[in-house]
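Undergrad: What follows is a structure written as structure tokens; I'll ask about it next.
The values are calculated or read from the model by the stated rules, or taken from the named source; none is laboratory data. Since the structure is predicted, the reported quantities are computational estimates derived from the model, not experimental observations. Ideal geometry is used to build each Cβ from the backbone, glycine not excepted, and the neighbour counts take in all protein chains shown.
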Amino acid sequence: MGQRITFDCPDGSQAGGYFKQAEGAGAGVIVLQEWWGLNPQICEVADRFVEEGYSALAPDLYHGRVTQSADEANHMMSGLDWVGATEVEVAGAIAHLKQSVSKVAVMGFCMGGALTIISGVKLADCDAAVAYYGIPPEEQADPADMQVPFQGHFATKDHWCTPAVVDALEVRLAGVSMPVELHRYDAEHAFFNETVPAYDEAVAELSWARTMAFLKTHLLGRG
């Protein structure tokens, strides 16, 4: 079990989050929430990274607000300054982890996946990015400017990150000099979240194995 902490942000403010340190970890992962908020499911994903040997921090981007209502979640997501949250809370979370580890990846789901792409484009201290079924508007972050190794996981039956949107992402990433992996699955949006009907255990486990291999290569240098 991890703990709730506060950490400093680049603008002088403080943010909160769920943190757990892996003993002897050389790398860490920032876990970014879905539109529901920093709920137990996201904290469990952070715990899972710790079991794999990575310290993990999930910043609380809604400052304590959590919901199970899709309408309320949409309202909270729509009210979040995505670029601002990335450049303040996510950047602060990376800096906090880098007090004890040398490399940090950012990863997230849905809204958090979109913020992950923004992080890979805009945050110099981000060392790798893994996005699950989330893509930001291009005016917020152009994937063609990706600065770190990137891995994306997307569903072919997704009505938010549609196959056409993923195709456009692939085009924008085509000229990136960093390593890029895009994986598509015969599944629905939120296939990794075991608390929703769209959960697909086989696809979730395959995507997790690919995430672990990617992080092992790009954070630990063990291809």
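Undergrad: Of the conditions (1) under 14 Å from the mean Cα position of the chain (by Cα); (2) without any contact (Cβ under 8 Å) to a residue 40 or more places away in the chain, VAL104 satisfies every one except a single condition; which number is it?
TA: Among (1) under 14 Å from the mean Cα position of the chain (by Cα); (2) without any contact (Cβ under 8 Å) to a residue 40 or more places away in the chain, the lone unmet condition for VAL104 is (2).
Undergrad: In this structure, is ALA209 over 23 Å from SER78 (Cβ atoms) and either touching a strand residue (DSSP E or B) at 6+ places or on another chain (Cβ under 8 Å) or at pLDDT 95 or above (or both)?
TA: yes
Undergrad: For region 113-147, how many residues are assigned to a loop (DSSP other than H, G, I, E, B) and either crowded, with 20+ Cβ neighbours inside 10 Å or touching a Lys or Arg at 6+ places or on another chain (Cβ under 6 Å) (or both)?
TA: Restricting attention to region 113-147, the residues satisfying the condition of being assigned to a loop (DSSP other than H, G, I, E, B) are 123-127, 133-142, 146-147.
Right, trim to either crowded, with 20+ Cβ neighbours inside 10 Å or touching a Lys or Arg at 6+ places or on another chain (Cβ under 6 Å) (or both) and you get 123, 126-127, 133-136, 141, 146.
Looking only at that region, the number is 9.
Undergrad: Okay, next question. Any residue at all in region 149-162 that's touching a Leu at 6+ places or on another chain (Cβ under 7 Å), acidic (Asp, Glu) and closer than 26 Å to ALA209 by Cβ?
TA: no
Undergrad: Restricting to region 189-207, count the residues that are in contact (Cβ under 8 Å) with a residue 60 or more places away in the chain, on the phi < 0 side of the Ramachandran plot and not hydroxyl-bearing (Ser, Thr, Tyr).
TA: Kept after step one, since they are in contact (Cβ under 8 Å) with a residue 60 or more places away in the chain, are these residues of region 189-207: 189-190, 192-195, 207.
Keeping just the survivors that are on the phi < 0 side of the Ramachandran plot gives 189, 192-195, 207.
Next, only the ones that are not hydroxyl-bearing (Ser, Thr, Tyr) stay: 189, 192-194.
Count: 4.
Undergrad: Report whether or not LEU215 is farther than 18 Å from ALA27 by Cβ, under 18 Å from the mean Cα position of the chain (by Cα) and of a type outside the set (D, E, K, R).
TA: The answer is no for LEU215.
Undergrad: Mind checking which residues of region 98-145 are over 22 Å from VAL196 (Cβ atoms) and polar (S, T, N, Q)?
TA: GLN99, SER100, SER102, SER119, GLN140
Undergrad: Here's a follow-up. Given the condition outside any strand (DSSP E or B), aromatic (Phe, Trp, Tyr), closer than 26 Å to LEU57 by Cβ and touching a Ser or Thr at 6+ places or on another chain (Cβ under 8 Å), answer yes or no: does some residue in region 207-223 qualify?
TA: No, that holds for no residue.
Undergrad: Mind checking which residues of region 196-210 are closer than 20 Å to PRO40 by Cβ and among the β-branched types (Val, Ile, Thr)?
TA: The one that is closer than 20 Å to PRO40 by Cβ and among the β-branched types (Val, Ile, Thr): VAL196.
Undergrad: Restricting region 1-36 to residues that are among the aromatic types (Phe, Trp, Tyr) and either more than 18 Å from ALA95 (Cα to Cα) or touching a Cys at 6+ places or on another chain (Cβ under 8 Å) (or both), which is surrounded by the fewest Cβ atoms within 10 Å (Cβ to Cβ)?
TA: TRP35
Undergrad: Do you know which of the residues in region 37-57 that are among the hydrophobic types (A, V, I, L, M, F, W, C) and more than 18 Å from GLY84 (Cβ to Cβ) is surrounded by the fewest Cβ atoms within 10 Å (Cβ to Cβ)? Step through it out loud before you land on a result.
TA: To start, the set of residues in region 37-57 that are among the hydrophobic types (A, V, I, L, M, F, W, C) comprises 38, 42-43, 45-46, 49-50, 56-57.
Okay, now just the ones that are also more than 18 Å from GLY84 (Cβ to Cβ), so 42-43, 45-46, 49-50, 56-57.
Working: ILE42: 23, CYS43: 21, VAL45: 25, ALA46: 22, PHE49: 26, VAL50: 19, ALA56: 29, LEU57: 25.
So, considering only residues that are among the hydrophobic types (A, V, I, L, M, F, W, C) and more than 18 Å from GLY84 (Cβ to Cβ), the one surrounded by the fewest Cβ atoms within 10 Å (Cβ to Cβ) is VAL50.
Undergrad: Scanning for something out of contact with any Leu (no Cβ under 6 Å at 6 or more places or on another chain), among the β-branched types (Val, Ile, Thr) and assigned to a helix (DSSP H, G or I), does region 89-105 turn up at least one residue?
TA: The answer is yes, given that some residue of region 89-105 is out of contact with any Leu (no Cβ under 6 Å at 6 or more places or on another chain), among the β-branched types (Val, Ile, Thr) and assigned to a helix (DSSP H, G or I).
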